[in-house]
Amino acid sequence: MKRGFEIISTYQNQGLSLPKRKTSKSAGYDLQAAETKMIMPKTQAFIPTGMRAYMMDDEVLILSARSSLFKKKALILSNGVGVIDADYYDNEENGGHIFIAVYNLSDHIVTISKGEAIAQAMFQKYLLIDDDAPEKESRKGGFGSTDN
């Protein structure tokens, strides 16, 4: 297996579908909300997708907001662009569960419904510099764990 998505164990049998591209020319796989979430005005929220992704060691999964997220909901990705590293899969903290971090720019509560497409995920290869020497051998935690 080279790359793909899996439904995490805690969301099995909850009617979730694996991410799909909408057209043959689409670059991104649409990630959907695994549950309904209300996002208070001017606050950040983490929306669970119920998904994890596996990929080759020299690949990364890039998350970007769907264009309609801001236009229809006044939501942006909190971190601008999400980066899911290959070693995020099956980490001990959250099993590789992909969350979409959003910020509500509006003055009203925004609801994201279960099954609503909220982000796009694109697999990409990446390059390393000469004599690369990472600070850690492997990831121990989940979301934001490379800062530990």
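For the chain, the longest stretch holding no GluC sites (Glu not before Pro) located in a DSSP loop with at most 15 other Cβ atoms within 10 Å is which? Between the exposed loop sites, the longest stretch runs 36-91.
Straight-line cross-link partners of K2 among the aspartates and glutamates, defined as a Cα under 17 Å from its Cα and at least 8 positions apart when in the same chain: D57, D58, E59, D85, D87, D90.
Which percent of the accessible area of the chain is formed by carbon and sulfur heavy atoms (probe 1.4 angstrom)? Please list the in-between numbers first.
Values: 4530 of 9040 Å².
For the chain, the apolar C and S fraction of the accessible surface comes to 50 percent.
Taking every protein chain into account, the accessible area of the chain amounts to 61 square angstrom per residue (probe 1.4 Å).
Across region 3-105, how many lysine pairs separated by 8 or more positions, or lying on different chains, have Cα atoms within less than 20 Å?
Numbers: K22/K71; K22/K72; K37/K71; K37/K72; K37/K73; K42/K71; K42/K72; K42/K73.
Within region 3-105, the lysine pair count is 8.
Which one, L61, T43, I129, is farthest towards the positive end of the dipole of the chain when Lys and Arg carry +1 and Asp and Glu -1 on their Cβ? Projecting each Cα onto the dipole axis, the largest value belongs to T43.
Given the rule -39500 (n - 2.57) for each run of at least 4 DSSP H residues, summed and divided by the residues of the chain, what is its mean residue ellipticity at 222 nm, to the nearest 500 deg cm²/dmol? All intermediate terms of the calculation are to be shown ahead of the outcome.
Working: 1 runs with 7 residues, N = 148.
After summing the helix terms and dividing by the residues of the chain, the value is -1000 deg cm²/dmol.
Here the relative contact order of the chain, from alpha carbon pairs under 8 Å that lie six or more residues apart, stands at 31 percent.
Looking at region 100-130, the chymotrypsin sites (Phe, Trp or Tyr not before Pro) that sit in a DSSP loop and have at most 15 other Cβ atoms within 10 Å of their own Cβ are Y126.
Where both partners of a DSSP beta bridge lie in the chain, what percent of those bridges are antiparallel, to the nearest 5? Please list the in-between numbers first.
Numbers: 31 of 31 bridges.
Around 100 percent antiparallel, to the nearest 5.
The values are calculated or read from the model by the stated rules, or taken from the named source; none is laboratory data. Remember, it's a predicted structure, so these values are computed and weren't measured experimentally. So basically every Cβ, Gly included, is an ideal-geometry build from the backbone, and we count neighbours across all protein chains shown. Protein only, heavy atoms only, side chains kept; ligands, DNA and RNA dropped before computing areas. Shrake-Rupley method; radii C 1.70, N 1.55, O 1.52, S 1.80 Å.
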